[in-house]
Amino acid sequence: MRITDIKLGYISVPLKKPFKTALRTVNSVEDVVVRIETNTGQVGYGEAPPTGAITGDTTGAIIGAIEDHIKKQLIGMDIENMEEIMLKLDKSVVRNTTAKAAVDIAIYDLYGQLYNAPVYKLLGGYRKEIITDITISVNSPEEMAKDSIEAINQGYKTLKIKVGVDSALDIKRMKAIRDAVGHEVNLRIDANQGWTPKEAIYTLRKMEDTGLNIELVEQPVPAHDFEGLKLVTDNVSIPVLADESVFSPKDAMTIIQMRAADLVNIKLMKTGGIHNALKICSMAEVYGVGCMIGSMLEAKISVTAAVHLAAAKSVITKIDLDGPILCSEDPVSGGAIFENYKITLTDDPGLGFKEIHGVVYK
Ligand code: MG
């Protein structure tokens, strides 16, 4: 099965409501779709979300990396030479993890089709059903409490609350939510780099003292501040999860060896795809560190790839894959099945896509 062409297209999917974090507000998913064609007629799909504020990868950068660098390296290669393809992909251009992830995902889709097996089974096949949390955007405490109740009524057992905008208000937000949902519901918070280390320690200790019972805190301090992250981890009881601080397997190694965080968040758009994400999984297993799997605001193509990885690996114990649930429509036939908090995989080969609707190819 040889690669004959790599085509790029666009999809646009409106969100049900605006997605607001400490870093940005988003109203729709506007992603690049990668379609890899082969001489057998089989095609593989990947998806690249431009997230300039997080990865630095804009739409133009994603297209340029694939058109000008990745494409010429991979055309003509045989899918059965997986290791060589991944080496070439990695070396084709530095950084540009979003473009690499989209291509990596499409290659895994084809790899599964080549051996007529679903990707999650090729990677370990630990389970075929996972349970995701749902994100509550940053808003007024009252609005966030209302959104939380709505999620609980839909059956969600874990809420991921966006904070990190204003420390005093963040505590009010969390109190309002905890009062509204009661004590059975799991609350995790994501500060998206919004606090200084001391602000984080102050705020998290307050949350501990008021009995808010927070499961974990994601990325309390700026991504580059590994020492600051460690300071927070050393000074609060709430487990700290590194997200924006960990892109590459090398970052994961540094954070884990420094004990700068208690947990690591794997996102395919940061690692550059499944191939590197597997290295972080192995590392975390060796060191006894738990992993979360998350995504950017993505539609169902790339999130399906993350579901396959999560289903394959036991070290991934926390799931934050609500992107497709936040979308008002689903452009994908096939792939993972999202029923509110429950995500199930089929045993269709590869990533199981039948058709991607509404893609405009260049
Ligand atoms: Mg995060």
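The values are calculated or read from the model by the stated rules, or taken from the named source; none is laboratory data. Quick caveat: nothing in here was measured; it's all calculated off a predicted structure. In this analysis, Cβ positions are derived from the backbone assuming ideal geometry, glycine residues included, and neighbour counts consider all displayed protein chains. The accessibility values were calculated without ligands, DNA or RNA, using every heavy atom of the protein model including side chains. Shrake-Rupley method; radii C 1.70, N 1.55, O 1.52, S 1.80 Å.
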*From 21, 25, 58, residue being touching a Pro at 6+ places or on another chain (Cβ under 8 Å) and modelled with pLDDT under 95*: 25
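Determine, yes or no, whether residue 232 is in contact with a Pro (Cβ under 7 Å, 6 or more places away or on another chain) and either of a type in the set (A, V, I, L, M, F, W, C) or modelled with pLDDT of 95 or more (or both).
yes
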*Neighbours by Cβ (under 7 Å, 6+ apart or cross-chain): first from region 279-299, of a type in the set (D, E, K, R); second open to solvent by less than 10 Å² (accessible area, probe 1.4 Å)*: 298/29; 298/31; 298/47; 298/49; 298/323
*Could you please find all residues in region 270-282 being in a helix (DSSP H, G or I) and crowded, with 19+ Cβ neighbours inside 10 Å?*
270, 271, 274, 275, 276, 277, 280, 281
*asked:* From the list 93, 103, exactly one residue is outside the structural domain of residue 325 (by TED's automatic domain parsing), in a loop (DSSP other than H, G, I, E, B) and of a type outside the set (D, E, K, R). Which is it?
replied: 93
*asked:* Exactly one of these conditions fails for residue 161: (1) more than 16 Å from the ligand (Cβ to nearest atom); (2) of a type in the set (Val, Ile, Thr); (3) free of Cβ contacts under 8 Å to residues at least 40 places away in the same chain. Give me its number.
replied: (1)
*All but one of (1) within 15 Å of the ligand (Cβ to nearest atom); (2) assigned to a strand (DSSP E or B); (3) open to solvent by 10 Å² or more (accessible area, probe 1.4 Å) hold for residue 297; which doesn't?*
(2)
*Which residues, counting only those in region 190-206, are open to solvent by 10 Å² or more (accessible area, probe 1.4 Å), out of contact with any Ser or Thr (no Cβ under 8 Å at 6 or more places or on another chain) and within 15 Å of the ligand (Cβ to nearest atom)?*
193, 194
_Is it the case, given these coordinates, that residue 156 is at pLDDT 95 or above, over 19 Å from residue 22 (Cα atoms) and aromatic (Phe, Trp, Tyr)?_
yes
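Would you mind stating whether residue 242 is in contact with a Ser or Thr (Cβ under 6 Å, 6 or more places away or on another chain) and within 15 Å of the ligand (Cβ to nearest atom)? Spell out how you get there, then give the answer.
Working: in contact with a Ser or Thr (Cβ under 6 Å, 6 or more places away or on another chain): no; within 15 Å of the ligand (Cβ to nearest atom): yes.
Criteria not met by residue 242.
Scan region 253-273 residue by residue and report those that are more than 15 Å from the ligand (Cβ to nearest atom) and not β-branched (Val, Ile, Thr).
Of all residues in region 253-273, those more than 15 Å from the ligand (Cβ to nearest atom) come to 253-254, 256-260, 272-273.
Answer for region 253-273, where residues must be more than 15 Å from the ligand (Cβ to nearest atom) and not β-branched (Val, Ile, Thr): 253, 257, 258, 259, 260, 272, 273.
Would you mind listing the strands (runs of 3 or more DSSP E) fully within region 1-82 where at least 1 residues are loosely packed, with under 14 Cβ neighbours inside 10 Å?
On the way: elements: 3-20, 25-38, 43-48.
Qualifying strands (runs of 3 or more DSSP E): 3-20, 25-38.
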*Matching residues, region 207-231, being outside any loop (DSSP other than H, G, I, E, B) and either away from the ligand (no atom under 15 Å from the Cβ) or not assigned by TED's automatic domain parsing to the domain that holds residue 179 (or both)*: 207, 208, 209, 226, 227, 228, 230, 231
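I'd like to check something: does region 106-113 contain any residue that is touching a Pro at 6+ places or on another chain (Cβ under 8 Å) and crowded, with 20+ Cβ neighbours inside 10 Å? Before you say what the answer is, go through the steps one by one.
Start the filter on region 106-113 by keeping residues that are touching a Pro at 6+ places or on another chain (Cβ under 8 Å), which leaves 112-113.
In the following step, the residues that additionally are crowded, with 20+ Cβ neighbours inside 10 Å were identified as 112-113.
Yes, the conditions are met somewhere in region 106-113.
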